[in-house]
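The values are calculated or read from the model by the stated rules, or taken from the named source; none is laboratory data. Note that the structure is a prediction, hence the values are computed from the model and not measured. A quick note on method: Cβ atoms are made from the backbone with ideal geometry, for glycine too, and the neighbour counts reach across all protein chains shown. To get the accessible areas, we keep the full protein, side chains included, count just its heavy atoms, and leave off ligands, DNA and RNA. Shrake-Rupley method; radii C 1.70, N 1.55, O 1.52, S 1.80 Å.
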Amino acid sequence: MSQHHQLYQHFPQNPQSLFAQHALLPQGWMKNVRLQWDQAGNLTAVTPDTIAVSGETQATWVVPGMSNLHSHAFQRAMAGMTEIAGDSKDSFWTWRDLMYRYALHITPGQIQAIAAQLYAECLRHGYTGVCEFHYLHRDPAGAFYARPEEMAARVIAAAHQTGIGITMLPVLYSYADFGAQPLRDDQRRFSTGVDDILRLVNALESQRDWQTEIGVAPHSLRAASIAQIQEVLRVLPDRRPVHIHIAEQVREVDACLAATGKRPVELLADSGMLDQRWCLVHATHMNKDEVRAVAASGAVAGICTTTEGNLGDGFFDLPDYIEAGGCIGIGSDSHVSQSPVEELRWLEYGQRLRLQARNVASHQQQRRVGDFLWQAALQGGAQASGRKVGQLSSGYRADMLVLDATHPNLTGLHCDELLNTWIFSGNDNLVRHVYVGGRQVIVDGRHIQQASIQSAYADCMRELRSL
Ligand code: NGQ
Ligand code: ZN
């Protein structure tokens, strides 16, 4: 991967070290830790039990920033706008029709403004990287832009503008349903075949740098066939992330069974492709065999609790999956929330409500639910991003959150209580400063370009609302 110094030219010069009274390292909480990084934003030394030098930037609580492993950035602009009951029973599918109507209008300039607003919000709440599951490829009439990668490039530009790390996943979207059903007219902007996706990946390759990775995403087994996916993977460079929506709705599982005789996770697992590159988003409807197969493959289950709740998908089988040793990560998907705290809290609360139990996300070696969730989602999110993130260790990105030690919830705490208190004790945003690749992009809870990002977003929303 090449360095990309240009990327940071508009950020102020920042110190290249931070001294933390308490830092969450891979081995657990450590005291008096100096974190140092190089010009490219990679940690070069993480030294516990040391002494601060005068003039050094200091913090009380430092934790690694979270990866947001699933995002459709443009959907941020419709958050809150689909919560009105229709004439017939509302469902995921009626929501999707509304989403498609909306998706038909978004211009390249608008997707950049929306993504910048979203990413600044994500950063403010503690996400330092995002995996963008990007399928809005073509223009509203259904033709490719002069630069076929135009829309994806705009989303990457928004990530660079805000400083968030990005894994761009151009989406393969060929069919409307199982059995290679032709796309609907309102899916025309998404339409791509294997050659289109390889062309998009190729066009985006030059954007790869320390902050940017390129992978692929077959949209779902509804929209892409196993044979197509195999073809893409034959050509895709090694170790690139591969994401898919896998089993989000019961109707989808039934349609898959009817068309292929197998359930979606079963079909994918039986294809022999599943491994650590994969992120299975919304692996909601799995039987016990499928749970074991996904866990054993080393793939990440991408759970998007607030969107899955919003769309009425169902509950992920967390206890069996943990028992089987599976990896999880979290994503904000349709962006009805931009907070990893809310995502993780509702992951646990959903399980408690479903099972009438407490402290579900835990195991023998980690009984603290907040610690279990944050650490598991850090690891799984990092794996799904294909980037060197998710832990404060030499060689990894200097992606760090400084929490608000002056907030009443965090004063006088023992470090063992920090994550549980942060995740389970209220809704104030306790993220105070955020560093991504060593650059501070959130200062006292505000993005360094918050005013200009918000005003561009407001202009974009005025355009969209007048439609
Ligand atoms: C999406 N969204 O791709 O935006 C999907 C719905 C579909 C979520 N699963 C569309 N949240 O699955 O076809
Ligand atoms: Zn999605």
| request: Please work out if P170 is of a type outside the set (D, E, K, R), on the phi < 0 side of the Ramachandran plot, modelled with pLDDT of 95 or more and open to solvent by 10 Å² or more (accessible area, probe 1.4 Å). | output: no
| task | Hey, can you tell me all the residues within segment 327-346 that are touching a strand residue (DSSP E or B) at 6+ places or on another chain (Cβ under 6 Å) and away from ligand 1 (no atom under 15 Å from the Cβ)? | result | C327, I328, G329, P340
| Which of the residues that make up segment 337-359 are among the charged types (D, E, K, R), under 17 Å from G126 (Cβ atoms) and open to solvent by 30 Å² or more (accessible area, probe 1.4 Å)? | E342
| message | Just to be sure I understand the filter: pairs with C-beta atoms under 6 Å, separated by 6 or more residues or on different chains, first member in segment 284-313 and among the aliphatic types (A, V, I, L, M) and within 16 Å of ligand 2 (Cβ to nearest atom), second member open to solvent by 40 Å² or more (accessible area, probe 1.4 Å) and part of a helix (DSSP H, G or I). Which pairs pass? | response | V300/Q383
| said: Going residue by residue through segment 270-284, is there one that turns out to be within 16 Å of ligand 1 (Cβ to nearest atom), crowded, with 18+ Cβ neighbours inside 10 Å and more than 15 Å from H219 (Cα to Cα)? | reply: yes
| Pair list, Cβ under 7 Å, 6 or more apart: segment 131-143 residue open to solvent by 10 Å² or more (accessible area, probe 1.4 Å), other residue more than 16 Å from ligand 1 (Cβ to nearest atom) | R138/F144; D139/Y145
| remark: Restricting attention to segment 238-258, the residues that are away from ligand 1 (no atom under 16 Å from the Cβ) and farther than 18 Å from H134 by Cβ number exactly 4
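Yes/no per residue for (1) part of a loop (DSSP other than H, G, I, E, B); (2) modelled with pLDDT under 95; (3) over 16 Å from V300 (Cα atoms); (4) among the basic types (K, R):
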position: A224; (1), (2), (3), (4): yes, no, yes, no
position: Q228; (1), (2), (3), (4): no, no, yes, no
position: V232; (1), (2), (3), (4): no, no, yes, no
position: P237; (1), (2), (3), (4): yes, no, yes, no
position: R240; (1), (2), (3), (4): yes, no, no, yes
position: I244; (1), (2), (3), (4): no, no, no, no
position: V253; (1), (2), (3), (4): no, no, yes, no
position: L257; (1), (2), (3), (4): no, no, yes, no
position: L267; (1), (2), (3), (4): no, no, yes, no
| query | Looking at segment 62-71, is at least one residue part of a strand (DSSP E or B), open to solvent by less than 30 Å² (accessible area, probe 1.4 Å), more than 16 Å from ligand 1 (Cβ to nearest atom) and more than 25 Å from E213 (Cβ to Cβ)? | reply | no
| request: Considering only segment 444-459, state which residues are open to solvent by less than 60 Å² (accessible area, probe 1.4 Å) and either in contact with a strand residue (DSSP E or B) (Cβ under 7 Å, 6 or more places away or on another chain) or closer than 12 Å to Q110 by Cα (or both). | output: G445, H447, I453, A456, Y457, A458
| segment 144-162, residues that are of a type outside the set (G, A, S) and open to solvent by 40 Å² or more (accessible area, probe 1.4 Å) | F144, Y145, R147, R154, Q161
| task | Among the residues of segment 297-308, count how many are over 18 Å from L378 (Cα atoms) and away from ligand 1 (no atom under 11 Å from the Cβ). | result | 1
| remark: When every residue in segment 234-264 that is in contact with a strand residue (DSSP E or B) (Cβ under 7 Å, 6 or more places away or on another chain) and within 16 Å of ligand 2 (Cβ to nearest atom) is compared, the one farthest from G215 (Cα to Cα) is I246
| When residues of segment 422-440 are filtered for being under 11 Å from W37 (Cα atoms) and in a loop (DSSP other than H, G, I, E, B), how many remain? | 2
| task | Give just the number: which of (1) surrounded by fewer than 24 Cβ atoms within 10 Å (Cβ to Cβ); (2) touching a Lys or Arg at 6+ places or on another chain (Cβ under 7 Å) does Q375 not satisfy? | result | (2)
| said: I'd like the full set of residues that are touching a helix residue (DSSP H, G or I) at 6+ places or on another chain (Cβ under 9 Å) and in contact (Cβ under 8 Å) with a residue 40 or more places away in the chain, limited to segment 232-241. | reply: V232, R240, P241
| note | Checked segment 349-375 for anything of a type in the set (D, E, K, R) and free of Cβ contacts under 8 Å to residues at least 40 places away in the same chain; matches are R352, R354, R358, R367
| said: Given (1) within 16 Å of ligand 2 (Cβ to nearest atom); (2) more than 30 Å from S339 (Cβ to Cβ), identify the lone condition not met by F178. | reply: (1)
| message | Cβ contacts < 6 Å: first residue of a type in the set (G, A, S), restricted to segment 43-58; second residue assigned to a strand (DSSP E or B), any location; separation 6+ or different chain. Result? | response | A45/Q36; A52/F19; A52/Q58
| said: Can you pull out every residue in segment 177-207 that is surrounded by 16 or more Cβ atoms within 10 Å (Cβ to Cβ) and part of a loop (DSSP other than H, G, I, E, B)? | reply: F178, L183, S191, T192
